[in-house]
Structure formats: structure tokens, C-alpha cells
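Q: Quick one: the structure is below, and I'll ask about it shortly.
Nothing in this text is a laboratory measurement; each read-out follows from the coordinates by a stated rule. Quick caveat, the model's predicted, so the values are computed rather than measured. Heads up, the Cβs are rebuilt from the backbone with ideal geometry, glycines too, and the neighbour counts pull from every protein chain shown.
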Amino acid sequence: MMQWSKRRQSSWIQIAGHQGNLLLSEGGEVLKRFSEVENSCLQALMSDSLRDFVPQYYGHTCRDGENYIRLEDLLSGLRRPVIMDCKMGIRTYQEEEINKARIKPSLRTDMYQKMVKVDPSAPSVEEHSQRGVTKLRYMQWRDSMSSSSTLGFRIEGIMMENGNVLKGFNKTRTTNQVIDALLCFTKRQPHILEVYHSRLLALREALMESEFFRTHEVIGSSLLFVHDSANKANLWMIDFGKTTLTPENVHLKHDVPWVEGSWEDGYLIGLESLTSLINEAIKQARQDPNSSNTNTDPKDSDKENGATQTQSETHELTL
Ligand SMILES: Nc1ncnc2c1ncn2[C@@H]1O[C@H](COP(=O)(O)OP(=O)(O)OP(=O)(O)O)[C@@H](O)[C@H]1O
Ligand SMILES: O=P(O)(O)O[C@@H]1[C@H](O)[C@H](O)[C@@H](OP(=O)(O)O)[C@H](OP(=O)(O)O)[C@H]1O
């Protein structure tokens, strides 16, 4: 038990999102930097039909002068977990970002640099000369370069069981690229893919019944897929930092394209795409379990997807 606990702590990792936003805590909990918006969502979700698809919420706490939300550690008890973070929705920015860009456009040099790194020809002549882009421009470009705009979700990062992290699926956009990534993530194991498939179907049912989903615009939220060497597999909804209550007169469908002012997030478009691509991956895995077309070596898959790979860092996260 001692050894297990030691190993698990060093294999805990945050594969996406703002680095340093999450800390591993004791007692099977993680702490996430406090946000009023996310805290309210989690509170509401604890009595919603989506509860089983959300990490357990234990309230909030203060450590070293910082406020944190206390959440169930979804990696707790897993042996060499394999993780994938998929950001859901056809857009990952809130409508208020549009107003900010119109009323008070401020240029982001960091975002310009991230853009140039992926595609030096992406910024316009003006943006090159300013060496900056607005956040709206960057987020829209990110959504259109990846599969967000077309498929309604994108892969943010994957950690393989050896701790290698694949990041930067910025250009993973076509269905074939996504299926390859899914086959790589699951090492073509049909039974793992099947568990994910049935969980996605169950999630859809829970969403249909959910009061929370009916009344919230869900932006930038992820599905965290996790399986381990003991063949446990599950997925959860995480990250509600940009999920907001809609006005009473707004009735979201979640499965239609967004137009400005509609609040639509396209969450169900993403869920539908993911479900059907996992179904396709199951077919391919069953037909050809040892295919050499799909790279199970993250280094090769890395090249194909344009993703970057980093060795998992061992964070000293226990507070
Ligand atoms: N409850 C949890 N248990 C285990 N790992 C988690 C949990 N919540 C988040 N993580 C890890 O942390 C990562 C980032 O989480 P999250 O998306 O909530 O952070 P964020 O900083 O709000 O992200 P963003 O920058 O996209 O808004 C996830 O990809 C996952 O690896
Ligand atoms: O994934 P990338 O390409 O690194 O881009 C980041 C990503 O879109 C985050 O969702 C966003 O934070 P929010 O969701 O909180 O807006 C962040 O904005 P930020 O730099 O303003 O935090 C972006 O930099």
C-alpha cells in the first residue's frame, strides 16, 4: 500500500489547462484554484442527474492564503492511468469576449507567439506588425485549426501509461486524425473503447434529463477519459470555469450551430461526434487489432498529429 501510494502521487498529472491551477491534496482529493462561477456550478451539479459524471465536490478551502475548490481525485486508486482530456463544444470562448474585442481590443503577445509557433502564416500582415492578436481572434483561430469548430470537440492532451504526455493536438482536425488518436490512446483495445462508448451514451441520457444542462451555457468544459492497466475505464465532465446560467428566456438546444447572441455551445454536437468516432475506432480495432497504420508509440503518433510530447514531470503537489 505504501509503495502504491508513493507511485500514484508521482504519476498524478494535470494534462491540460492552466498549469498550477490544480494541486494534489491528501485523502483522494485535488484542489482547484477557486472560481465563483465553477464553485456554483459544482454545487448545483451535486444534486443534478449529471452528478455521477462529475467529480465529487467537497466544498472549498484556504491554503497559504489562496482559496481552492476541493474535488475528488479522479486518478485515485488507478494503476498506471492513461488519460485524455477532450474540450467540448463548437466554440471555446464566451460571447463576452466578442464585446471585449469590439469595445476595448487589447493585444496579446503571448497568443500571437503561440499562433506563430503552430502556423507562421496564420497572423495577418497587421497582426505581424503589431506582434499581437486579440484573445477572441486567437480563440477563434484555435477552434478552427482544431476539430472544435467542425466536430464540436477537440483533444487537448493525452497521457500514456508510461507517463509520456502528448500535447498540442492543435492541428488534429479531420475524423481520421481523431480516430487515430483514439486508437493510440486506447492501444486499439476494443473493450476499453466499448466502455467509453457506453459511458458516452449514458452521459447523453443524463444530459437529456439534466436541469443543469437545460439552463447552462457550457463553454470550455472537458470530458476526462481515464483507464488503467487493470482495465478500469470511465469518463467525467470537468472544468466549469466558463459555464454560466442562461437568462430565463433562452432555451438552449446544445445541438445547433452558434450564431452571435444565441448562447448555443454545441455540446451535443461534440458528444455525437465523439460517440460516432469511438464507434468507428471500435470497428477498426476489431477488424485489425495489430494494424501498423495506427501508431501506438506516442513518438510516432506525435509526428502524425503534429502533437508535441513531453516526459511527464513529477510535481511535488501534495500540500
Ligand atoms: N478531479 C480531477 N481529478 C484528477 N485530475 C483532474 C481533475 N480535474 C482536473 N484534472 C486534471 O487537470 C487538468 C486541467 O483541469 P481543468 O480543465 O479543470 O483546468 P483549467 O485550468 O480550468 O483548464 P482551462 O485552462 O482549459 O480552463 C485536466 O486535464 C486533468 O488532467
Ligand atoms: O490552449 P491554448 O492554445 O494554450 O489557449 C488557452 C486556452 O484556450 C484556455 O482555454 C484559455 O483560458 P480560458 O479558458 O480561461 O479563457 C487561455 O486563455 P488565457 O491565456 O487568457 O488564460 C488560452 O491561452
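Q: At 7 Å along Cα-to-Cβ for each site, give me the label-to-label distance between Q130 and L245 in nm.
A: Once both label points are built, they end up 3.6 nm from each other.
Q: Okay, next question. Once you've got the GNM for the chain with C-alpha springs shorter than 10 Å, pick whichever of G270, G27, G152 has the biggest mean-square fluctuation.
A: Of G270, G27, G152, the Gaussian network model singles out G27 as fluctuating most.
Q: Roughly how many nanometres apart are two label points built 7 Å out from the Cα toward the Cβ at N234 and N176?
A: Result: 3.7 nm between the two label points.
Q: Name the most mobile residue of G220, G132, G89, meaning the one with the largest mean-square fluctuation, in a Gaussian network model of the chain with Cα contacts below 10 Å.
A: Greatest mean-square fluctuation among the candidates belongs to G132.
Q: Let me ask something additional. Using Cα pairs under 8 angstrom and six or more residues apart, how large is the relative contact order of segment 132-252, in percent?
A: For segment 132-252, the relative contact order is 17 percent.
Q: Still on this structure: Output wanted: per-residue J couplings in Hz (rounded whole) for segment 231-240, from phi through Karplus 6.51 cos²θ - 1.76 cosθ + 1.60, θ = phi - 60°, x for Gly and Pro.
A: Couplings: 6, 7, 9, 6, 9, 9, 7, 10, 6, 10 Hz.
Q: Return the Rg/Rh value of segment 151-193, two decimal places, where both radii are evaluated on C-alpha atoms and Rh is the Kirkwood radius.
A: A ratio of 0.96.
Q: Here's another thing I want to ask about it. What residue among K104, K167, K253 shows peak mean-square fluctuation when the chain is described by a Gaussian network model with Cα springs under 10 Å?
A: K104
Q: Another question about this same structure. Kindly provide the helix-only [θ] at 222 nm of the chain, computed as the sum of -39,500 (n - 2.57) over DSSP H runs of four or more divided by all residues, to the nearest 500 deg cm²/dmol?
A: Computed ellipticity for the chain at 222 nm equals -11500 deg cm²/dmol.
Q: May I ask you to compute the full-extension gain from L201 to E161, defined as 0.36 nm times their residue separation minus their alpha-carbon distance, rounded to one decimal in nm?
A: Taking 0.36 nm per residue and subtracting the Cα distance, the gain is 11.8 nm.
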